[in-house]
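Here the structure is laid out as structure tokens; the discussion comes afterwards.
The values are calculated or read from the model by the stated rules, or taken from the named source; none is laboratory data. Every value quoted in this text rests on a predicted model; they were computed, and no experiment measured them. Neighbour counts run over all protein chains shown; Cβ positions are idealised from the backbone, glycine included.
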Amino acid sequence: MDLYNFNPETVLSFMLTLFRISLVVFLLPYFGGEAIPRTVKAALCVVLTLGLWPYLAFEGSYLPQHPFQIAVWLFGELMLGLVLGLTVRFLIASIQTGGQIIGFQMGFAMVNVVDPITGVSEAVTAHFLYMTSMLTFLALNGHLYLLRGLTQSFELVPPGALFISPELVTQIIYLSGQIFVLAVKIAAPIITAVFLVNLGLALISRAAPQMNVLLLGFPLKIAIGFLFLGMVFEIMSIYVAEFINTLGAGFYNLLRAGTVGLQ
């Protein structure tokens, strides 16, 4: 057997597929988190490449020859990973924002923890809702939809051919605008409950000024907040399920908008 008898086109095709999967997977949530060792992520990229390459592969002729063209190609692949990753990170950001609002209403504004995945200090309620939503996302096979979006990119986006078109920017701005809307929807039960508690305490303070309303209100708001937090889990699971059901179509629309110049 001649070990040096190989087709360069085959090697370049494998490299193109590996680069696409590596840049996208390292930027996708749940796959490219900071808590996952790089060796594990690299092994995952190699395994996914070996599994997808016989079925979804680019031709070796797509690889540019000029160094500047290679840099532009890598930038396009990086933008593809960012676009796919932002779609899911908007959901995570909305849940964390809702958790921040809940923590502020319950009096937990100063009770912060460090997220081991992102390294950002956040309210304990925001981190708790984030971990719960992540488990819900994985239980509903959301990670499989992420891989499906990755496979769709092979069909819709040639190597380095993602354009920052006005349609793509419009869709991303729309998704980013839904962060606060979804956060308020998640935190609405606790906001309403705590508002009624504050209103009742205000009436009590007017009727009986000798009562220490501040001392009574702090544990009462925490108890009411935890009571209504169970409702938030149900509401959040509904929104996560709806998001997963529309994730495939959302990836497809984003990829089509990013390749409008090629159509």
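Name the residue that is nearest to VAL88 (Cα to Cα), counting only residues in segment 141-167 that are assigned to a loop (DSSP other than H, G, I, E, B) and of a type in the set (S, T, N, Q).
For segment 141-167, the residue satisfying everything is ASN141.
Give segment 24-54 a look and list any residue that's surrounded by 13 or more Cβ atoms within 10 Å (Cβ to Cβ), of a type in the set (Gly, Ala, Ser) and either modelled with pLDDT of 80 or more or over 19 Å from the mean Cα position of the chain (by Cα) (or both), or say none.
Listed by number, the list holds a single entry, ALA42.
Filter segment 203-238 for residues that are more than 36 Å from the chain's Cα centre (by Cα) and at pLDDT 80 or above and give the result.
Within segment 203-238, just LEU203 meets the criteria.
Kindly establish whether TYR174 is surrounded by 14 or more Cβ atoms within 10 Å (Cβ to Cβ), among the hydroxyl-bearing types (Ser, Thr, Tyr), within 20 Å of the chain's Cα centre (by Cα) and at pLDDT 80 or above.
Against the criterion (surrounded by 14 or more Cβ atoms within 10 Å (Cβ to Cβ), among the hydroxyl-bearing types (Ser, Thr, Tyr), within 20 Å of the chain's Cα centre (by Cα) and at pLDDT 80 or above), TYR174 does not qualify.
Residues being without any contact (Cβ under 8 Å) to a residue 60 or more places away in the chain and either surrounded by 15 or more Cβ atoms within 10 Å (Cβ to Cβ) or part of a helix (DSSP H, G or I) (or both): count how many of those fall in segment 240-258.
Of the residues in that region, 3 qualify.
Looking at this structure, is GLN171 of a type in the set (S, T, N, Q) and closer than 30 Å to MET231 by Cα?
Criteria not met by GLN171.
Taking ALA241, is it of a type in the set (Gly, Ala, Ser) and either closer than 22 Å to MET134 by Cβ or at pLDDT 80 or above (or both)? Explain how you work it out, then say what you get.
On the way: of a type in the set (Gly, Ala, Ser): yes; either closer than 22 Å to MET134 by Cβ or at pLDDT 80 or above (or both): yes.
Spelling it out, ALA241 is indeed of a type in the set (Gly, Ala, Ser) and either closer than 22 Å to MET134 by Cβ or at pLDDT 80 or above (or both).
Would you call LEU144 surrounded by 19 or more Cβ atoms within 10 Å (Cβ to Cβ) and closer than 15 Å to LEU247 by Cβ?
no
Quickly run through segment 177-202 and pick out the residues that are closer than 30 Å to SER22 by Cα and either of a type in the set (Val, Ile, Thr) or modelled with pLDDT of 85 or more (or both).
ILE179
Within segment 151-201, count every residue that is aliphatic (A, V, I, L, M) and within 30 Å of PHE14 (Cα to Cα).
Residues in segment 151-201 being aliphatic (A, V, I, L, M) and within 30 Å of PHE14 (Cα to Cα): 6 in total.
Out of the residues in segment 122-140 meeting the condition of being among the polar types (S, T, N, Q) and buried (at least 22 other Cβ atoms within 10 Å of the Cβ), tell me which one is farthest from TYR239 (Cα to Cα).
Filtering first and then ranking leaves THR125.
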